[in-house]
Each structure stands twice: as structure tokens, then as C-alpha cells.
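As C-alpha cells, the structure follows; a few thoughts come after it.
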Amino acid sequence: MGIAERKIRHKENVKSNILEVAWKIVKEEGWQALSMRKIADAIEYSAPVIYGHFENKEAILYDLSIEAFGQLQKLLEIAAKKHAEPQAQLKAYADTYWNFAFKNKEYYQLMYGLGIPCCGAGKMKPEVNTFRDFVAEAIEKIMLQKDSDTSELCFKTYAFWSVLHGLISIMLMRDSDIDTTFNKKVMNDSVTSFIKNL
């Protein structure tokens with residue numbers, strides 16, 4: 001391996017280490033505790049080294065959110081392969097999204113700016129549309145099976161997503177006074193009704 005390759009690998013390793021340490025801080029102390037100085041202290045580098053890889057804390061949050069969307073996409077791909085019928089796929093996508101949100105609370109908060117400033121201001125993350133794309137494909141197939149008018153596909157897709165995201169957001173922001181089984185039942189009933197009415 002040449003000098004140039006070693007430098008590139010070292011730079012990638014440092015960047016990866018910064019993201020790992022940032023995530024560890026978030027998991028242990030919450031989003032509010034994350035700072036460039038705290039990351040630098042944790043990995044025993046100077047702050048300029050951190051700034052050499054990331055312009056600011058928001059750039060770190062942006063990269064972490066992209067990683068989170070990638071994890072969600074992999075789970076949705078697994079769910080898609082388990083079911084042939086679009087109705088079953090749509091239900092599986094809802095369950096996958098729901099479970100991801102509660103198993104990865106900090107990631108979900110970051111991905112959708114819940115209780116923290118949304119990262120990547122001014123940048124559109126194509127990854128944000130991952131869930132939407134899976135859902136839209138299943139909904140379109142169901143609508144075609146029923147000979148429904150597909151001109152409202154976009155509306156139906158966002159309505160479906162809104163119900164899930166709304167329930168999850170309520171749970172994440174007020175989890176101490178809401179029964180988790182109640183909200184999961186609301187979600188299941190909403191998805192069943194939604195599929196029936198397509």
C-alpha cells in the first residue's frame with residue numbers, strides 16, 4: 001500500500017472514529033450533550049482535527065442521520081422480501097418503521113428533527129424518501145388490484161406515513177404517560193383500515 005492510500009485510509013478511520021464517538025456520547029448523554037470539544041476530548045485529538053473532517057456539529061449529525069436512513073432501508077428491504085402480496089408488504093413496512101423508531105429512538109429523533117434541531121438545513125436528503133418509496137410502491141399495487149384511481153397515490157402515501165409518524169412522535173415525546181400497547185393497537189387498526197379503504 002502506497003503513502004497516498006495509507007493517508008486516505010487513515011482519514012477514513014479518523015472520520016469513522018469521530019462518528020462512533022459522537023454516537024456513543026448521544027447514547028449515553030443525549031443529543032444536547034454533543035459538542036465538537038467533547039468529541040475531541042473523547043478521542044484525544046485536538047478540535048482542529050475534528051474540524052478537518054467535519055465543518056461543525058451539524059455536519060456530524062447529518063452523517064449520522066444518513067447512516068440511520070441506511071439502516072432503515074436495509075430493514076425495509078428485508079421486509080419486502082418476506083411478503084409477495086402488497087397488502088402484507090404494506091403492513092410489514094408499517095411494523096418495520098414502528099419497530100425501528102422505538103429500537104433506535106435517538107436515530108429516529110435525529111432523522112426527523114424530533115426534540116432537536118433538524119440537521120442538514122438547506123440540504124435535501126434523498127434518504128428521507130426511502131420509507132415513502134417502499135410504501136408508495138405497495139399502495140400503487142393495491143390500488144391497481146382494486147382498479148382504484150392512482151392519481152391520488154401521492155396523497156395516499158403521505159396520509160399513510162403521517163399516521164405512523166404522528167403516533168411515533170407522540171410516543172417518543174410523551175412516552176411516560178402513554179401505554180405502548182394502546183398506540184400499537186391504534187397503529188395496527190389504522191393500517192388495516194387504510195389498506196381496506198384503498
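The values are calculated or read from the model by the stated rules, or taken from the named source; none is laboratory data. Only a predicted model underlies this, so the values are computations on that prediction, with no experimental measurement involved. Every residue, glycine as well, gets a Cβ built from its backbone with ideal geometry; the counts of neighbours run over all protein chains shown. Accessible surface is based on the protein model in full, side chains and every heavy atom, while ligands, DNA and RNA are left aside. Shrake-Rupley method; radii C 1.70, N 1.55, O 1.52, S 1.80 Å.
All other residues with a Cβ under 14 Å from the Cβ of PHE155 taken together, and with Lys, Arg as +1 and Asp, Glu as -1, what is their net charge?
Working: positive: ARG132, LYS156; negative: GLU140, ASP149, GLU152.
For residues surrounding PHE155, the net value is -1.
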Inset, instruction - Take the solvent-accessible surface of the protein heavy atoms, probe 1.4 Å, and return the percent of it on the chain that carbon and sulfur atoms account for. - result: 54
Legend entry - Helix 130-145 vs. the chain, principal-axis angle (Cα, 0 to 90°, nearest 10): 20
Legend entry - Radius of gyration and maximum dimension Dmax of the stretch 1-82, Cα, Å: 15.3, 48
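For ALA42, what is the net charge nearby, where nearby means another residue's Cβ is under 12 Å from its Cβ and Lys, Arg count +1, Asp, Glu -1?
Details: positive: LYS24, ARG37, LYS38; negative: GLU20, GLU28, GLU29, ASP41, GLU44.
Value of the local net charge: -2.
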Inset, instruction - Quick one: angle between helix 57-82 and the longest Cα principal axis of the chain, in degrees between 0 and 90, rounded to 10, please. - result: 40
Inset, instruction - Pop a pseudo-label 7 angstrom from the Cα along the beta-carbon direction at both ALA42 and LYS105 and give the gap in nm to one decimal. - result: 1.8
Inset, instruction - Inverting the mean 1/r over all pairs of different Cα atoms, compute the Kirkwood radius of the chain and quote it in Å. - result: 18.8
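Can you tell me the accessible area per residue over the chain, all protein chains present, probe 1.4 angstrom, in square angstrom?
Details: 11060 Å² over 198 residues.
That works out to 56 Å² for each residue.
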Inset, instruction - Could you sort out which of LYS74/LYS141; LYS74/LYS196; LYS38/LYS156; LYS156/LYS185; LYS27/LYS74; LYS57/LYS82 sit more than 32 Å apart by Cα distance in this structure? - result: LYS38/LYS156; LYS57/LYS82
Legend entry - Mean-position separation - Cα centroids, the stretch 178-198 and the stretch 92-113, in angstrom: 16
